[in-house]
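Here is the structure we will look at, set down as structure tokens.
Since every read-out is calculated from the coordinates, none of them should be taken as a lab result. None of the values given here were measured: they were computed from a predicted structure. A quick note on method: Cβ atoms are made from the backbone with ideal geometry, for glycine too, and the neighbour counts reach across all protein chains shown.
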Amino acid sequence: MKSPIRVAITGAAGQIGYSLLFRIASGGLFGPDQPVALNLIEIAPAMDALKGVVMELDDCAFPLVTEIIATADLNEGFRDANWALLVGSVPRKAGMERGDLLGINGKIFVEQGRAIEKNAAEDIRVLVVGNPCNTNCLIAMNSAKSIPSDRWFAMTRLDENRAKAQIAQKVGVPVSKVTNLAIWGNHSATQYPDIYNAKVDGEIASNKVNDEAWVKDDFIPTVQQRGAAIIKARGASSAASAANAAIDTVASMFFPTKEGDWTSVGVCSDGSYGIEKGLICSMPIRSNGKGWEVVQGLELNTFSQEKINASVEELMAEREMVKDLL
Ligand code: NAD
Ligand code: LMR
């Protein structure tokens, strides 16, 4: 029997939490022979709702679950965690940009970063989902300076998955044929999905699509605005697809990346591609199951470079807005 992986999840009684927990508990993340312990973290007013979620988890009798802790205490919640999924925070409403949440959500991540540093396991890795996730991740990372910067991630996998789905539908192929899709920059309306390096069945996706107007006037804005479109349609922000992307992200770190492919996640920039060091910026990475590296040497045309620069500038502006928290 393998020893359990302890996963701490904030906002566990929220929408995303409800779609996420049961998949982790059933083995849908780390695999069917990997036990998991769940540390579920909520704010005090949501503890009753969390109790109900725990009752449902109990009622699933998941054989892989070794322990469930439900708490509003951050020290208890992050104790011995190997993975921390920071979901808990306020989602935006129609008409808002994700960056508008910085004033409400930013400070949550100071306290959480400190509690992670104090309590988590030596090998802790942290995925920030709560928006604006890049800058919240920057805040948490800077509140836990003894934890290496390569352990901090902000979720842009939902954008990658959205972009792949758009390309697959346009070309008329199963989504599994679309690979090497890099999301660059901020998880915001400035993010840049790079179709010029993506592939469909091994061929450059922009060539396969062969419709520059569609790329610029449809594909890119659709991916950039997909979160807002879902809020408009559902009256609430994406939840099941966000939970799915969180599973995909952690799995992409836990298992090695397929030969020749890459995935997208916000990581602490080491200066690759001229992106300012220390920003949490989405870029293409490859994992060997233990560590990860930025995919080097991708060619970026002038259009791509301008789009990436704009998103990086937005990240720098967000960093300036929260400089008192860093
Ligand atoms: P939700 O309101 O349904 O749930 C959020 C939960 O977090 C609530 O139960 C709330 O009590 C809890 N919470 C609030 N502050 C907390 C704190 N300090 N500590 C612990 N728990 C806390 O929201 P949701 O739909 O689950 O979305 C959560 C976040 O994820 C939002 O910020 C949303 O914008 C973001 N999100 C990000 C992505 C992405 O791709 N990065 C995708 C979808 C949603
Ligand atoms: C998304 O991309 O669906 C989330 O970030 C939620 C949002 O506010 O758009």
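Pairing the Cα long axis of helix 15-25 with the longest principal axis of the chain, what angle in degrees results, from 0 to 90 and rounded to the nearest 10?
70
In what sequence do ILE308, ILE69 fall when counting other Cβ within 10 Å, fewest first?
Least crowded to most crowded, the residues run ILE69, ILE308.
Can you list the aspartates and glutamates whose alpha carbon is less than 19 Å from that of LYS323, not counting same-chain residues fewer than 8 positions off?
Within the straight-line limit of under 19 Å, LYS323 reaches these aspartates and glutamates: ASP100, GLU111, GLU276, GLU313, GLU314.
So how do ARG6, ARG157, ARG23 line up by other beta-carbon neighbours within 10 Å, fewest first?
Final ranking by Cβ density, sparse to dense: ARG23, ARG6, ARG157.
With angles folded into 0 to 90 degrees, how steeply does helix 302-321 sit against the dominant principal axis of the chain? Use alpha carbons for both and round to 10.
For 302-321 against the chain, the angle is about 30 degrees.
Given the Cα atoms of the chain, and with Rh set as the inverse mean 1/r over their pairs in the Kirkwood sense, what is Rg to Rh to two decimals?
In the chain, Rg relative to Rh is 0.95.
So what is the 222 nm mean residue ellipticity for the chain from helices alone, if each DSSP H run of at least 4 adds -39500 (n - 2.57) and you divide by all residues, rounding to the nearest 500 deg cm²/dmol? List each step's numbers first, then the result.
On the way: 12 runs with 125 residues, N = 326.
Only helices count here, giving -11500 deg cm²/dmol.
Give me the tail of P(r) for region 132-184 as a percent: Cα-Cα pairs with distance above 13 Å.
Of the Cα pairs, 64 percent sit more than 13 Å apart.
Fewest Cβ neighbours within 10 Å first, please rank MET253, MET141, MET55 accordingly.
Ranked by crowding around the Cβ, least crowded first: MET55, MET253, MET141.
For GLY103, what charge total do you get from the other residues with a beta carbon under 15 Å from its beta carbon, if Lys and Arg give +1 and Asp and Glu give -1?
Here the charged neighbours net out to +1.
Could you tell me, in Å, what Rg and Dmax come out for the Cα atoms of region 60-101?
Every Cα atom of region 60-101 included, Rg and Dmax give 15.6, 43 Å.
Expressed as a whole number of Å, what is the distance separating the alpha-carbon centroids of region 187-240 and region 1-56?
If we compute the Cα centre of each part, the gap is 30 Å.
What percentages, rounded to whole numbers, describe P(r) for region 1-110 computed over all alpha carbon pairs with 5 Å bin width beginning at zero?
In order of increasing distance, the bins hold 2, 12, 22, 23, 18, 11, 7, 4, 1, 0 percent.
Select from ALA242, ALA182, ALA70 the residue whose mean-square fluctuation is largest in a Gaussian network model of the chain (Cα-Cα springs shorter than 10 Å).
The residue that fluctuates most here is ALA70.
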